[in-house]
Every structure is written in C-alpha cells, then in structure tokens.
Amino acid sequence: MPELPEAETIVRGLSPAVTDRRIAEVDVVHHDVLDGGAAAFSRRLEGTRIAAVRRRGKNIVLRLDSEDRLVVNLGMSGRLLHRCPDDDTAPPTHPAVRFRLEGPGHLVYHDVRRFGRLQVLDGEAYRQWSRSLGPEPLGRRFTGRRLADDLSRSKSPIRSWLLDQRRVVGVGNIYANEALHRARIHPRTPARTIDGEAARRLHRAIRKVLRDSIQAQGTTLRDYRTARNEEGSYAHRLRVYGREGEPCPRCGTPVERVVFGNRSAFFCPTCQPEPDPSS
C-alpha cells in the first residue's frame with residue numbers, strides 16, 4: 001500500500017501540472033471507489049479550480065477554489081496519473097475516474113483492485129477528518145520528546161503502534177520495519193518499554209527513511225507509480241522489508257519474518273533482539 005513517500009512523490013509531480021487548472025468534466029467509470037454517489041461527486045467538482053495539491057498522511061488532497069477538498073486514498077493499487085496529450089506511454093488499463101481539465105491534459109484515477117477511496121469534503125468536514133489523524137512525521141510537531149511521551153502510554157507492540165494513523169500519520173508497514181531496523185528495536189517491543197534514547201533513535205530513523213524514500217520517488221514493489229507513471233527506486237535500498245533469509249546489511253545475520261496483527265514484520269535477530277516477555 002502506498003505510504004507517505006509515495007503520496008508525497010505524487011503530490012510533487014501533480015502540483016506544477018494541475019494547480020490553477022479547472023476541472024471541466026468528471027467521468028466516473030466505477031462508482032465503488034467513491035464515498036457517496038457519482039452524480040453528487042461530479043457535480044461538486046465540475047467547474048471548480050484546483051487551488052493547491054497537498055498531502056495528509058498517505059492521502060493526496062486537492063484543495064479547490066470552492067474550499068472543498070478532494071481527498072484521494074490510493075488503497076492497495078491506486079494510481080493518480082496526469083496524462084498529457086503527447087503522452088506516448090500506455091494508457092491506464094483500469095481507469096476508475098477521469099477528470100478532464102480545461103486546456104491540455106487530464107487526470108486519471110486508476111485502480112486495479114478498487115480498494116482506494118475518493119471523497120469530497122467541505123472545509124469543516126476536512127478539518128474534522130484531519131484532526132482525527134496523528135502528527136505528520138516530517139512536521140515540527142513530531143519531536144523525539146513527543147514520541148517518547150506518546151510511546152510511554154501504550155502497551156501496543158511498536159510496529160503496530162507505528163501503523164496506527166491516530167498515533168503518527170503516513171507510516172505503513174514498509175517504513176515501520178525499515179525505521180525499526182535502523183533504530184535497533186524489535187517490532188514486537190511494547191511501546192511503553194522504549195526508553196528516551198531509543199525513542200530518539202526511532203524518531204531520527206523514521207524521518208531519515210521517509211526522506212530518503214521521497215528522494216528516490218518512493219518504493220515500487222508492484223502497483224505504485226508516480227504521477228508520470230514511473231516506478232519509484234527505493235525498493236533497492238530496503239534493509240529488511242521483504243528480505244527474509246537475506247543477510248542483515250549491518251551484521252550479516254539472516255533477516256527473519258514474524259506475523260502479528262495480520263501483517264508480516266521483518267527484523268534482524270541480532271541487531272533487534274526479542275524483548276523480554278516479562279517487561
């Protein structure tokens with residue numbers, strides 16, 4: 001599932017191409033990706049101008065001149081693509097929604113599995129939704145001290161804690177695993193047992209791995225593509241995620257995998273020792 005770096009990469013690709021462009025027409029091909037009916041969705045968007053393209057966590061947010069927001073969550077296989085008239089790449093094979101813009105080019109929401117969601121929120125609904133999410137991990141509010149304080153109040157395994165979008169927004173399974181390896185913390189470690197120094201290491205690791213992935217335009221393992229339909233290159237730099245049996249890049253011990261919370265976690269048993277069950 002696309003995480004913060006993938007959403008940020010798409011935002012950076014879309015912003016110069018669609019900002020200040022007006023949505024002339026909306027063609028809903030598959031209404032099951034919408035929160036609400038297709039007619040109401042199209043009516044609220046057609047004729048509006050895209051004032052800005054932003055991100056909130058894993059979500060792409062198009063702010064409109066009507067003060068509504070179009071919030072796009074890519075789900076498992078969603079892509080939000082900008083298509084130019086002279087685009088010589090293959091057209092999207094599974095378009096779910098097309099947005100024709102005034103002037104050249106258009107936007108396409110493509111989704112093979114159709115687990116993604118598009119919704120239009122007015123200003124107040126958007127603010128309420130945004131307040132339900134945790135702090136941005138690359139923002140000023142997300143500090144090492146705040147992370148340590150928040151962790152001290154939870155019994156959850158740290159990997160599960162990081163995946164909870166109410167705790168910190170935008171971190172998914174790939175980057176949680178990578179950050180925990182960098183910080184030398186086992187994925188099952190109870191959050192409240194992580195001391196201040198380890199929390200600061202984790203804080204630095206989260207920000208480092210997210211920034212590095214953004215620089216590489218995200219991680220393409222299967223479905224993710226940038227706004228220009230290109231693959232991200234961070235998969236080649238993953239240390240543990242999906243690397244079961246391969247040597248840890250730090251110590252050479254084979255990477256192991258454990259499943260909990262219905263998700264696989266990858267770790268080095270030497271660099272990230274199992275927590276004491278009595279803690």
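What follows is calculated from the coordinates using simple rules that are stated; it is not laboratory data. None of these values were measured; they are calculated from a predicted model. Please note: Cβ atoms are built from the backbone with ideal geometry, for glycine as well, and neighbour counts cover all protein chains shown.
Structure data summary
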| quantity | calculated |
| --- | --- |
| Against the rule of thumb 2.2 N^0.38 Å, how large the Cα Rg of the chain comes out | 1.07 |
| On Cα atoms only, tilt of 4-18 relative to the major axis of the chain in degrees | 20 degrees |
| Using alpha-carbon coordinates, inclination of helix 173-183 to the longest axis of the chain, degrees | 40 degrees |
| Karplus 3J(HN,Hα) series, Hz, for the stretch 260-268 with 6.51 cos²θ - 1.76 cosθ + 1.60 (x for Gly, Pro) | 8, x, 6, 9, 6, 10, 10, 7, 9 |
| Long-range amide H partners of L34 with built H, under 5 Å | L118 |
| R127 versus C84: modelled label distance in nm, points set 7 Å from Cα along the beta carbon direction | 3.9 nm |
| Cysteines not pairable in the chain (beta carbon separation under 4.7 Å absent) | C84, C251 |
| Cα convex hull of the stretch 1-110 - mean projected area over all directions, nm² | 6.5 nm² |
| Estimated vicinal HN-Hα couplings, Hz - the stretch 210-217 in sequence order (Karplus 6.51, -1.76, 1.60; Gly, Pro = x) | 5, 5, 5, 5, 4, 4, 8, 6 |
